[in-house]
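See structure below.
The values are calculated or read from the model by the stated rules, or taken from the named source; none is laboratory data. From a predicted model like this one, the values you see are computed outputs, not experimental measurements. Methodologically, a virtual Cβ is constructed for each residue, glycine included, from the backbone with ideal geometry; neighbour enumeration extends over all protein chains shown.
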Amino acid sequence: MKIEVCSDYEAMSKKACGITSDLIKKNKKAFISFPCGDTPALFMDLFSEEVNDKKTDISEAAFISLDEWVGLGEKDEGSCAHFLNAHLFGKLKYNFANKFILNGANKNIEEELRNHEDFFNKYAPLNLSVLGIGLNGHIGFNESGVDISLNSHIIDLDNVTKKVMVKYFGNNFKPTRGITQGINQIMGAETIIVMASGKHKADVVNLVVNGKASNEVPASLLQNHKNCFLILDKDAASNL
Ligand code: F6R
């Protein structure tokens, strides 16, 4: 892992945006995936500006969702699709050549899963996977103990994830499962950017960097990736 410690959240977001834009400039047909949540919000706002200012051309690139709460669709505030619309698709003046956004509200969630995996396989491998880190070390919804050989799958949410999720949608929804790219798909990405910001992430970041690489802390598996940038602000790096 190449560790970059930035002065603050804004600097971290700019750094991640710069790497993403450079990668797409070099490979116009890039296949990319972004996460949702508090961490990537500014990164995505900045990336949207880059595209709208015609500094980065996404007209030949393809995008796929990393994950989604089972039961939630784009109209549900706090869903990943809602977030992607707020910080990316609702802002962009230009479109990706193709995109697949998970619809967790599909009553036939197995069909949604198949469609996600089919789209993934059509463009695989990812040229870029951007990730955040959960307080339990999850990436996407690959929770502690996940089977690392899995591709797109549906998984029971960890208790830590269930506690944290109220920050996204209060008590309006109580999802118990997530639909996610698997570790096998994520680790197959040519480049990975993983971001973490804030003191509350300092302990898990320390485990991710200095702990044993294991599926108990899924983000620690990134230690074994050949081209992974861990981009932190000072607070998230404060226990390293
Ligand atoms: C969201 C996702 C999750 C988050 C993680 C951190 O699409 O894949 O793994 O990246 O839970 O969330 P925040 O950024 O809200 O701290």
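Some points to look at:
- Subset of region 190-228 [crowded, with 19+ Cβ neighbours inside 10 Å and more than 25 Å from Ser149 (Cβ to Cβ)]: Met195, Ala196, Ser197, Lys201, Val205
- Of the set (1) free of Cβ contacts under 8 Å to residues at least 40 places away in the same chain; (2) more than 11 Å from the ligand (Cβ to nearest atom); (3) not charged (D, E, K, R), all apply to Ala189 but (1).
- Gly73 vs. criteria at positive phi and either of a type in the set (Lys, Arg) or surrounded by fewer than 21 Cβ atoms within 10 Å (Cβ to Cβ) (or both): no
- Within region 135-152, if we keep just the residues that are within 28 Å of Lys122 (Cβ to Cβ) and surrounded by fewer than 24 Cβ atoms within 10 Å (Cβ to Cβ), the residue that is nearest to the ligand (Cβ to nearest atom) turns out to be Glu143.
- Neighbours by Cβ (under 7 Å, 6+ apart or cross-chain): first from region 28-50, modelled with pLDDT of 95 or more; second buried (at least 19 other Cβ atoms within 10 Å of the Cβ) and among the β-branched types (Val, Ile, Thr): Ala30/Ile24; Ser33/Ile64; Ser33/Val130; Phe34/Val130; Pro35/Val130; Pro40/Val130; Phe47/Thr20; Glu50/Thr56
- Selection from region 132-170 of residues that are out of contact with any Asp or Glu (no Cβ under 7 Å at 6 or more places or on another chain) and of a type in the set (S, T, N, Q): Asn142, Ser149, Asn159
- Residues in region 153-165 that are away from the ligand (no atom under 12 Å from the Cβ) and free of Cβ contacts under 8 Å to residues at least 24 places away in the same chain: Asp156, Asn159.
- Restricting the search to strands (runs of 3 or more DSSP E) fully inside region 1-116 and requiring at least 3 residues that are over 22 Å from Ile231 (Cα atoms) and in contact with a Phe, Trp or Tyr (Cβ under 9 Å, 6 or more places away or on another chain) gives 98-100.
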